[in-house]
Amino acid sequence: MKPFEIVDLISENAHTIEQIAQLLMVGFRDASPTSWPTIEEAIAEVRGSLQAHRISRIAVDHGGEVLGWIGGIEEYSGNVWELHPLVVRLDRRRQGLGRKLVADFEEQVAQRGGHTIRLGTDDENCSTTLGGIDLYPGVLDKLRTIESVGKHPFEFWLRVGFHIVGVIPDANGFGKPDILMAKRISAESFSSKAQTDEAIS
């Protein structure tokens with residue numbers, strides 16, 4: 001894979017912001033087609049990530065092209081951060097870039113004293129066993145037996161250490177739930193990793 005670096009997004013670079021907006025529209029077109037239907041809405045989402053108490057990080061190649069973006073919103077007095085959103089350019093998927101963006105995000109949260117990262121991953125096209133059905137009654141019973149019937153992002157989040165902690169039935173309309181996931185973050189683990197890396201180098 002060609003080299004890249006992960007850096008903070010800054011408001012001065014309008015071209016970069018537009019690149020990210022295009023990534024959002026393309027990246028979520030199939031999984032969540034109602035998220036950012038216009039370039040104006042996508043740009044507004046990206047600019048919103050530059051507010052105080054937010055994290056906004058991009059993976060860029062040496063030519064300055066955006067390969068991926070991850071954002072976060074502080075909640076619960078900084079104890080919890082919502083990861084929203086994560087998008088990787090289509091031609092750079094399945095190469096570990098998403099994992100590296102998530103790992104970088106976790107480190108950013110740990111540095112800010114956060115304990116938990118949470119996220120919602122919608123099922124708008126029945127790609128899990130929770131989609132297209134009435135989850136009531138017995139919501140938690142159905143949640144315990146969740147499976148993918150297509151390619152749903154919750155499987156990626158499980159692989160990078162997140163846990164399913166709940167579901168909001170009908171969040172996007174009947175039979176279109178939002179699957180809630182979370183992961184505990186330990187500042188000590190990142191400190192230990194930094195010490196190990198320093199000892200090796």
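The values are calculated or read from the model by the stated rules, or taken from the named source; none is laboratory data. Predicted model only: the values in this text are computed from it and were never measured. Note that we place each Cβ from the backbone using ideal geometry, even for glycine, and neighbour counts take in every protein chain shown.
Looking only at the stretch 98-114, decide whether some residue is closer than 23 Å to Leu67 by Cα and among the β-branched types (Val, Ile, Thr).
Initially, the stretch 98-114 is screened for residues closer than 23 Å to Leu67 by Cα, giving 98-109.
With among the β-branched types (Val, Ile, Thr) added as a condition, the list becomes 102, 109.
Yes, there is a match, as at least one residue in the stretch 98-114 is closer than 23 Å to Leu67 by Cα and among the β-branched types (Val, Ile, Thr).
For Ala52, are the conditions met, namely being of a type in the set (Gly, Ala, Ser) and closer than 24 Å to Asp123 by Cβ? Spell out the reasoning first.
Numbers: of a type in the set (Gly, Ala, Ser): yes; closer than 24 Å to Asp123 by Cβ: no.
Spelling it out, it is not the case that Ala52 is of a type in the set (Gly, Ala, Ser) and closer than 24 Å to Asp123 by Cβ.
Please go through the stretch 45-58 and pick out each residue that is of a type in the set (A, V, I, L, M, F, W, C) and modelled with pLDDT of 95 or more.
Step one: list which residues in the stretch 45-58 are of a type in the set (A, V, I, L, M, F, W, C), which gives 46, 50, 52, 55, 58.
Listed by number, the residues that qualify are Val46, Leu50, Ile55, Ile58.
Would you please name the residue that is surrounded by the most Cβ atoms within 10 Å (Cβ to Cβ), looking only at residues in the stretch 50-64 that are in contact with a helix residue (DSSP H, G or I) (Cβ under 9 Å, 6 or more places away or on another chain) and under 20 Å from Trp36 (Cβ atoms)?
Ile58
A quick yes/no check of all residues on (1) out of contact with any His (no Cβ under 8 Å at 6 or more places or on another chain); (2) surrounded by fewer than 15 Cβ atoms within 10 Å (Cβ to Cβ); (3) aromatic (Phe, Trp, Tyr); (4) in contact (Cβ under 8 Å) with a residue 12 or more places away in the chain:
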{"residue": "Arg99", "(1), (2), (3), (4)": "yes, yes, no, yes"}
{"residue": "Gly113", "(1), (2), (3), (4)": "yes, yes, no, yes"}
{"residue": "Ile117", "(1), (2), (3), (4)": "yes, no, no, yes"}
{"residue": "Tyr136", "(1), (2), (3), (4)": "yes, yes, yes, yes"}
{"residue": "Val139", "(1), (2), (3), (4)": "yes, no, no, yes"}
{"residue": "Leu143", "(1), (2), (3), (4)": "yes, no, no, yes"}
{"residue": "His152", "(1), (2), (3), (4)": "yes, no, no, yes"}
{"residue": "Phe156", "(1), (2), (3), (4)": "yes, no, yes, yes"}
{"residue": "His163", "(1), (2), (3), (4)": "yes, yes, no, yes"}
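Here's the yes/no breakdown for (1) at positive phi; (2) of a type in the set (Asp, Glu); (3) assigned by TED's automatic domain parsing to the domain that holds Ile168; (4) at pLDDT below 95:
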residue	(1), (2), (3), (4)
Glu82	no, yes, no, no
Arg92	no, no, no, yes
Arg99	no, no, no, no
Asp104	no, yes, no, no
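Go through the stretch 86-127 residue by residue and tally those that are in contact with a Ser or Thr (Cβ under 8 Å, 6 or more places away or on another chain) and closer than 26 Å to Val26 by Cα.
Residues that pass the stated criteria total 3.
Can you tell me which residues in the stretch 168-183 are in contact with a Gly (Cβ under 8 Å, 6 or more places away or on another chain), in a loop (DSSP other than H, G, I, E, B) and over 14 Å from Val139 (Cβ atoms)?
Of the residues in the stretch 168-183, the ones in contact with a Gly (Cβ under 8 Å, 6 or more places away or on another chain) are 168, 171, 175-181, 183.
Next, from what is left, pick out any that are in a loop (DSSP other than H, G, I, E, B): 175-177.
Matches in the stretch 168-183: Lys176 only.
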